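Worksheet: one structure, shown below.
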Amino acid sequence: MKIKFLGTAAAEGIPALSCGCETCKRAKKLGGRNLRSRSQALINNDLLIDFNADTYWHMVKYDIELENINHVLITHSHQDHLQVKDIEYFRPDFCHGRKESINFYSAISGYNLIKQEADMPYMQGSVKYHLVEPYNDYLINGYKIKVLKANHAEFTTPVFYLIEKDNKKLLYAHDTGIFCQDTINYIGGRVDFITMDCTGGLQKGWRDNHLCLETNLEMIEILKSRKIVDNKTIKVVNHFSHNGQALYDDIVKELKGTDIICSYDGLEIEF
Ligand SMILES: [Zn+2]
Ligand SMILES: [Zn+2]
Ligand SMILES: [Zn+2]
């Protein structure tokens, strides 16, 4: 399985829109991996996770043939994960050469927003939408997918995904605080790859809605005790905010000597 991190920031990006804080100023000055667009990932060139306002730029920057990607998992309805108005551009008169309809999968909050756009008469069935619910399994595009409830803003019906194919399991756990017991139980066995929310960066005590590096380590210990994560599991921290007051360079420095990888825009890992 291969994952490419197209964007790795929280809602505002790093630097954040119209922000003059020290973290944003440093990011602009240092550039490179310290610049982050909004979170989105691509699995094996055929499964997209989330659909935010930076989708357009990711398509251009990484030369992604979006016209050949037919499946998109949505984690929740916050705007940095679902920019629903851009769904209009799949309408047949704006989007040529697409052989199949695109399929969006979301829990109820995002599902309702997508449905509203996709049901407009000019869309002519070009976008299909599917409701997914926590603690259910789905077979999507050849992937076995477990839907897990996230510890995040309830009104966005937040979920995250355990994605399995060819005996490899990837846990994409973003926009969640410490996982609830039902979620840990539903994950079941060992995962080969985990990517965790690190919105709080080097700050301390982030346990609900999002995590920070300190609570990422705590989460790893909890998952190790449940034999979900072990020393061979690839561990990534991702989804950073300028409010976490840490840039890529700062996180990498802090992670020295550990087996944890700090994400950056364009990071690709095959396992
Ligand atoms: Zn987010
Ligand atoms: Zn800032
Ligand atoms: Zn969110």
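Scanning region 1-25 for residues that are away from ligand 1 (no atom under 16 Å from the Cβ) and in contact with a strand residue (DSSP E or B) (Cβ under 6 Å, 6 or more places away or on another chain) gives 1, 2, 3, 4. I'd like to know if region 29-37 contains one or more residues that are within 18 Å of residue 82 (Cα to Cα) and either in contact with a Gly (Cβ under 6 Å, 6 or more places away or on another chain) or not in a loop (DSSP other than H, G, I, E, B) (or both). Within region 29-37, one or more residues are within 18 Å of residue 82 (Cα to Cα) and either in contact with a Gly (Cβ under 6 Å, 6 or more places away or on another chain) or not in a loop (DSSP other than H, G, I, E, B) (or both).
When residues of region 233-263 are filtered for being part of a helix (DSSP H, G or I) and among the small types (Gly, Ala, Ser), how many remain?
Initially, region 233-263 is screened for residues part of a helix (DSSP H, G or I), giving 242-244, 248-255.
Right, trim to among the small types (Gly, Ala, Ser) and you get 244.
So the count comes out to 1.
The numbered conditions (1) touching a Cys at 6+ places or on another chain (Cβ under 9 Å); (2) over 26 Å from residue 245 (Cα atoms) are all true for residue 127 except (1).
I want to confirm something. Restricting to region 14-31 and keeping residues that are modelled with pLDDT of 95 or more and among the aliphatic types (A, V, I, L, M), which single residue is surrounded by the fewest Cβ atoms within 10 Å (Cβ to Cβ)?
Only one residue fits best here, namely 30.
The single condition from (1) of a type in the set (A, V, I, L, M); (2) more than 19 Å from residue 228 (Cβ to Cβ); (3) touching a helix residue (DSSP H, G or I) at 6+ places or on another chain (Cβ under 8 Å) that residue 153 fails is (3). Note on region 40-54: residues that are of a type in the set (A, V, I, L, M, F, W, C) and touching a residue at least 60 places away in the same chain (Cβ under 8 Å) amount to 4. Within the set 235, 227, 168, the sole residue that is basic (Lys, Arg), more than 15 Å from ligand 3 (Cβ to nearest atom) and closer than 24 Å to residue 256 by Cβ turns out to be 235.
Would you say residue 78 is within 16 Å of ligand 1 (Cβ to nearest atom), out of contact with any strand residue (DSSP E or B) (no Cβ under 9 Å at 6 or more places or on another chain) and of a type outside the set (Lys, Arg)? Please lay out each step first, then the result.
Working: within 16 Å of ligand 1 (Cβ to nearest atom): yes; out of contact with any strand residue (DSSP E or B) (no Cβ under 9 Å at 6 or more places or on another chain): yes; of a type outside the set (Lys, Arg): yes.
Here the answer is yes, as residue 78 does meet what is asked.
Just to be sure before I move on: is residue 34 on the phi > 0 side of the Ramachandran plot, surrounded by 13 or more Cβ atoms within 10 Å (Cβ to Cβ) and in contact (Cβ under 8 Å) with a residue 60 or more places away in the chain in the structure I sent? No: the conditions fail for residue 34. Answer yes if at least one residue in region 46-54 is more than 16 Å from ligand 1 (Cβ to nearest atom), part of a helix (DSSP H, G or I) and of a type outside the set (Val, Ile, Thr), and no otherwise. Within region 46-54, none of the residues are more than 16 Å from ligand 1 (Cβ to nearest atom), part of a helix (DSSP H, G or I) and of a type outside the set (Val, Ile, Thr).
Residue pairs whose Cβ atoms lie under 8 Å apart, sitting 6 or more positions apart in sequence or on different chains, and linking a residue in region 5-22 that is within 19 Å of residue 194 (Cβ to Cβ) to a partner that is within 12 Å of ligand 2 (Cβ to nearest atom) and among the aliphatic types (A, V, I, L, M), do not occur here. So, of the residues in region 141-160 that are in contact with a strand residue (DSSP E or B) (Cβ under 9 Å, 6 or more places away or on another chain) and of a type in the set (Gly, Ala, Ser), which turns out to be farthest from ligand 2 (Cβ to nearest atom)? Only one residue tops the list, namely 142.
Yes or no, residue by residue, for (1) among the basic types (Lys, Arg); (2) touching a residue at least 24 places away in the same chain (Cβ under 8 Å); (3) touching a Leu at 6+ places or on another chain (Cβ under 7 Å); (4) not in a strand (DSSP E or B):
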residue	(1), (2), (3), (4)
147	no, yes, no, no
155	no, yes, no, yes
160	no, yes, yes, no
164	no, no, no, no
176	no, yes, no, yes
185	no, no, no, yes
191	no, yes, yes, yes
204	yes, no, no, yes
208	no, yes, no, yes
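Just checking, does region 85-104 include any residue being of a type outside the set (Lys, Arg), at negative phi and within 14 Å of ligand 1 (Cβ to nearest atom)? No, the conditions are met nowhere in region 85-104.
The values are calculated or read from the model by the stated rules, or taken from the named source; none is laboratory data. Please read all numbers here as calculations on a predicted model, not as lab measurements. Note that each Cβ is placed from the backbone with ideal geometry, even for glycine, and that neighbours are counted across all protein chains shown.
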